[in-house]
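The values are calculated or read from the model by the stated rules, or taken from the named source; none is laboratory data. Keep in mind that this is a model prediction, so the values were computed, not measured. Positions of Cβ are backbone-derived with ideal geometry, glycine not excepted, and every protein chain shown enters the neighbour counts.
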Amino acid sequence: MKLAGNDMLIQSLVDEGVEFLFGYPGGAALHIYDAIFNQNELQHILVRHEQGATHAADGYARATGKPGVVLVTSGPGATNAITGIATAFMDSIPMVVLSGQVASHLIGTDAFQETDMIGISRPIVKHSFSIESAEEIPRVIKEAFHIATSGRPGPVVIDIPKDTTAPDKLFNYDPPKSVKIRSYNPPVEPDPKQIERAISEILKAKKPVIYAGGGAINSNASEELYELNELLNFPVTNTLMGLGVYPASKKRFMGMLGMHGTYQSNMAMHNADLIIAIGARFDDRITNTPDLFAPNAKIIHFDVDQSSVSKIIEANIAVFGQVKNSLREINKQLKEKINLIDKNKIEPWLDQIDEWTSLHGLNHELYKETSDNNMIMPQSVVQHVYQITNGSAFVTSDVGQHQMFAAQYYHFDKPRYWINSGGLGTMGFGLPAAMGVKLAYPDEEVVCITGEGSIQMCIQELSTCTQYNLPIKIININNEALGMVKQWQDMSYGGRHSESTYQSSLPNFIELVESYGHVGFKIEKNSDLKETLEEAFSIKDKLVFVDVYVDPSEHVYPMLVAPNGSLKDMWLSKDKKV
Amino acid sequence: MMQRNILVILENKPGALARVVGLFHQRGYNIESLHVDPVKDVENYKEIEDSLDLKLQENEVSKLLITTTVSDNLLRQILRQINKLIDVLIAKEEI
């Protein structure tokens with residue numbers, strides 16, 4: 001088959017199984033856009049800003065496990081994509097970003113819409129390619145998808161000078177059948193000896209904790225993790241990125257850990273004698289002060305990325321490999337030693353955790369139909385959404401208090417249903433990410449839990465939702481302030497709310513969304529909350545935006561005491577510290 | 001803390017050097033000296049060829065020598081980070 005560079009590019013994407021291309025056209029990408037016009041195998045989604053394209057592709061990737069694909073033009077198109085690429089990089093999300101570039105002979109001349117995309121994106125990509133000639137397009141696409149999806153996944157940028165996609169020069173389209181990059185060999189299978197060592201520690205432990213993160217989701221290891229804990233019955237905590245990898249409704253699940261983790265999770269980690277880290281990276285929201293972290297714990301660390309192990313907390317036993325394969329191996333070896341597992345040994349520890357849970361577990365009293373002043377608590381909004389959706393919706397979030405409330409009070413039983421920017425903490429992520437999820441799963445309920453600050457960072461995507469008829473639910477937890485900033489200002493800056501309120505400048509969100517053709521509801525009284533949310537969720541064919549005014553003084557608790565605190569040092573409310 | 005020499009063998013491709021140098025800056029490591037050459041004397045790299053199970057061609061890869069002053073733990077972390085770069089064949093301490 002003879003094809004021009006632009007057609008080879010699109011055909012290569014189709015051959016990789018790409019369904020959706022999230023993008024925005026412009027001069028340097030026009031040859032490619034012409035090739036899109038002439039085919040109907042993949043669908044292009046025209047966003048309203050390139051940041052939206054990257055987040056939508058990211059949401060698609062998180063929900064499906066398949067790589068998200070983005071197409072932008074050179075210069076501002078490429079730079080606008082940067083925040084979304086960094087977001088995917090920090091959370092290890094597979095993504096391929098195609099960026100148009102000025103023609104080869106213009107590179108380095110400060111041509112119109114020229115920018116050094118390879119240079120700008122270098123610190124936030126897993127790898128990048130610059131196309132030098134049209135002939136190499138099929139090979140580069142193949143390699144890019146391989147790199148983005150294997151090992152520890154991540155974003156890959158391909159910079160494409162305009163001349164390499166010119167329609168007037170034809171090439172023999174003969175894509176490589178397989179890909180082998182001699183300098184790239186991420187570990188897959190674990191070393192069985194390390195597994196043996198891990199098991200001997202597991203059998204000795206009296207106060208064990210399983211701490212699982214986003215890496216376990218990326219590796220599709222939830223079944224193996226479940227099986228492991230059917231054998232062990234250990235208490236389990238998940239990171240913000242790991243929620244859903246172990247079912248929240250299981251008895252041994254303690255909730256999220258870390259900065260806004262549950263009391264029992266943080267206490268269990270601090271007092272543990274063995275921490276089994278599975279695809280989690282001990283970042284600063286988890287460890288608090290590293291020198292004070294879990295002083296008596298041995299660490300077994302399962303990860304595909306060697307550089308994540310012993311980076312912050314020294315591991316006693318490291319198991320490198322795909323987490324799924326490593327857990328499969330440990331389950332196999334454990335079953336052979338099943339008579340050596342003494343479940344009674346950890347009974348006092350499980351009792352201790354139950355005691356912590358009943359003492360200071362999450363405050364489910366907040367979920368109530370009436371309140372003294374009829375003010376709505378933000379936590380109860382999430383709890384109502386959880387009830388109405390039977391806990392089975394895809395939930396995307398933005399960043400701030402609402403994100404933490406969603407993580408604490410929407411209990412995920414399955415992986416890939418909780419979609420948020422954990423590492424970079426990108427406001428503006430939630431709405432475009434929800435678009436990517438809804439395109440992948442049009443028949444599923446997709447809810448974006450956001451705040452009035454975050455939603456305004458990518459609110460232009462409401463227009464994209466109209467164009468492609470994406471009936472997602474947006475729950476705007478409106479406290480008329482940048483809540484998390486304000487919380488820190490309350491706690492650490494004497495209540496001086498520097499630039500964290502809008503001075504009555506918020507739009508009328510209902511009229512705003514209606515102008516895009518969507519449906520809006522406003523809720524101000526606790527007594528209306530349940531009924532109006534139920535009405536909103538009964539609408540299936542339209543995007544519904546629910547603007548919920550909540551108690552603006554509410555803080556997120558628990559909250560770790562910082563700086564110089566350990567995991568046992570927490571604020572439990574505005575006036576209670578342990 | 002002591003002075004270390006790091007040897008990196010990487011593909012001789014545009015941009016490959018920048019990835020290694022950029023990584024030092026991104027991660028807050030210091031480079032004291034840096035020397036880079038295309039590898040011509042492939043016969044002297046038999047050990048590396050054997051450990052990676054491949055054959056090198058003249059000028060196909062570059063040799064990078066970096067001097068830096070770091071602790072043992074940080075050296076291990078730096079080597080792991082460099083080895084993670086897609087274009088790097090091997091990074092190790094040169095004693």
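One residue is enough: does segment A:167-174 have a residue meeting the conditions of a type in the set (S, T, N, Q), crowded, with 24+ Cβ neighbours inside 10 Å and farther than 23 Å from A:Lys66 by Cβ? For segment A:167-174, residues of a type in the set (S, T, N, Q), crowded, with 24+ Cβ neighbours inside 10 Å and farther than 23 Å from A:Lys66 by Cβ: absent.
Checking A:Asp163, A:Asp168, A:Asp159 one by one, the residue that is touching a residue at least 60 places away in the same chain (Cβ under 8 Å) and in a loop (DSSP other than H, G, I, E, B) is A:Asp168 and no other. Before we move on, is A:Asp284 within 14 Å of chain B (Cβ to nearest Cβ) and surrounded by fewer than 22 Cβ atoms within 10 Å (Cβ to Cβ)? No: the conditions fail for A:Asp284.
So in segment A:113-133, with the set limited to residues that are within 24 Å of A:Gly151 (Cα to Cα) and among the hydroxyl-bearing types (Ser, Thr, Tyr), which one is farthest from the other protein chains (Cβ to nearest Cβ)? Residue satisfying both the conditions and the ranking: A:Ser121. Would segment A:109-132 turn up any residue that is in contact with a Pro (Cβ under 8 Å, 6 or more places away or on another chain), assigned to a loop (DSSP other than H, G, I, E, B), at pLDDT 95 or above and at positive phi? Checking segment A:109-132: at least one residue is in contact with a Pro (Cβ under 8 Å, 6 or more places away or on another chain), assigned to a loop (DSSP other than H, G, I, E, B), at pLDDT 95 or above and at positive phi. Among the conditions (1) modelled with pLDDT of 95 or more; (2) assigned to a strand (DSSP E or B); (3) not hydroxyl-bearing (Ser, Thr, Tyr), the only one that B:Val20 does not satisfy is (2). Filter segment A:407-416 down to the residues that are assigned to a helix (DSSP H, G or I) and farther than 16 Å from A:Gly214 by Cβ and list them by number. Residues satisfying the conditions are A:Gln408, A:Tyr409. When the residues of segment B:1-14 are filtered to those that are surrounded by 15 or more Cβ atoms within 10 Å (Cβ to Cβ), within 12 Å of chain A (Cβ to nearest Cβ) and not charged (D, E, K, R), the one that is farthest from B:Thr67 (Cα to Cα) is B:Asn12.
Taking the stated definitions as given, is A:Val381 over 30 Å from A:Arg197 (Cα atoms) and either touching a strand residue (DSSP E or B) at 6+ places or on another chain (Cβ under 7 Å) or not in a helix (DSSP H, G or I) (or both)? Spelling it out, A:Val381 is indeed over 30 Å from A:Arg197 (Cα atoms) and either touching a strand residue (DSSP E or B) at 6+ places or on another chain (Cβ under 7 Å) or not in a helix (DSSP H, G or I) (or both). Could you tell me whether A:Val309 is touching a His at 6+ places or on another chain (Cβ under 6 Å), within 14 Å of chain B (Cβ to nearest Cβ), farther than 20 Å from A:His411 by Cα and not basic (Lys, Arg)? Criteria met by A:Val309. Taken together, the residues in segment A:543-561 that are surrounded by fewer than 16 Cβ atoms within 10 Å (Cβ to Cβ) and within 26 Å of the chain's Cα centre (by Cα) amount to 0. crowded, with 16+ Cβ neighbours inside 10 Å and more than 10 Å from every other protein chain (Cβ to nearest Cβ), is that true of B:Ser51? Here the answer is no, as B:Ser51 does not meet what is asked. Checking each residue in segment A:480-524 for being of a type in the set (A, V, I, L, M, F, W, C) and closer than 17 Å to A:Glu461 by Cα picks out A:Phe509, A:Ile510, A:Leu512, A:Val513, A:Val519. Is it fair to say B:Tyr45 is assigned to a loop (DSSP other than H, G, I, E, B) and surrounded by 15 or more Cβ atoms within 10 Å (Cβ to Cβ)? So B:Tyr45 does not fit the description; no. Quick check on B:Leu64: is it away from chain A (no Cβ under 12 Å), touching a strand residue (DSSP E or B) at 6+ places or on another chain (Cβ under 9 Å) and touching a residue at least 40 places away in the same chain (Cβ under 8 Å)? In short, yes.
The set of residues in segment A:252-270 that are surrounded by fewer than 24 Cβ atoms within 10 Å (Cβ to Cβ) and within 13 Å of A:Ile346 (Cβ to Cβ) contains only A:Arg252. Among the residues of segment A:79-97, is there at least one that is over 25 Å from the mean Cα position of the chain (by Cα) and assigned to a helix (DSSP H, G or I)? No: segment A:79-97 contains no residue that is over 25 Å from the mean Cα position of the chain (by Cα) and assigned to a helix (DSSP H, G or I). Among the residues making up segment B:61-95, those that are surrounded by 16 or more Cβ atoms within 10 Å (Cβ to Cβ) and over 16 Å from B:Leu23 (Cβ atoms) are B:Val61, B:Lys63. Among the residues making up segment B:67-93, those that are more than 7 Å from chain A (Cβ to nearest Cβ) and within 25 Å of A:Ser150 (Cβ to Cβ) are B:Arg76, B:Ile78, B:Leu79, B:Ile82, B:Asn83, B:Leu85, B:Ile90, B:Ala91, B:Lys92. Taken residue by residue, segment A:139-147 has no member that is within 14 Å of chain B (Cβ to nearest Cβ) and part of a strand (DSSP E or B).
Collect the residues in segment B:59-95 that are under 19 Å from B:His35 (Cβ atoms), out of contact with any Ser or Thr (no Cβ under 7 Å at 6 or more places or on another chain) and part of a loop (DSSP other than H, G, I, E, B), keeping them in residue-number order. Matches in segment B:59-95: B:Asn59, B:Glu60, B:Leu85, B:Glu94, B:Ile95.
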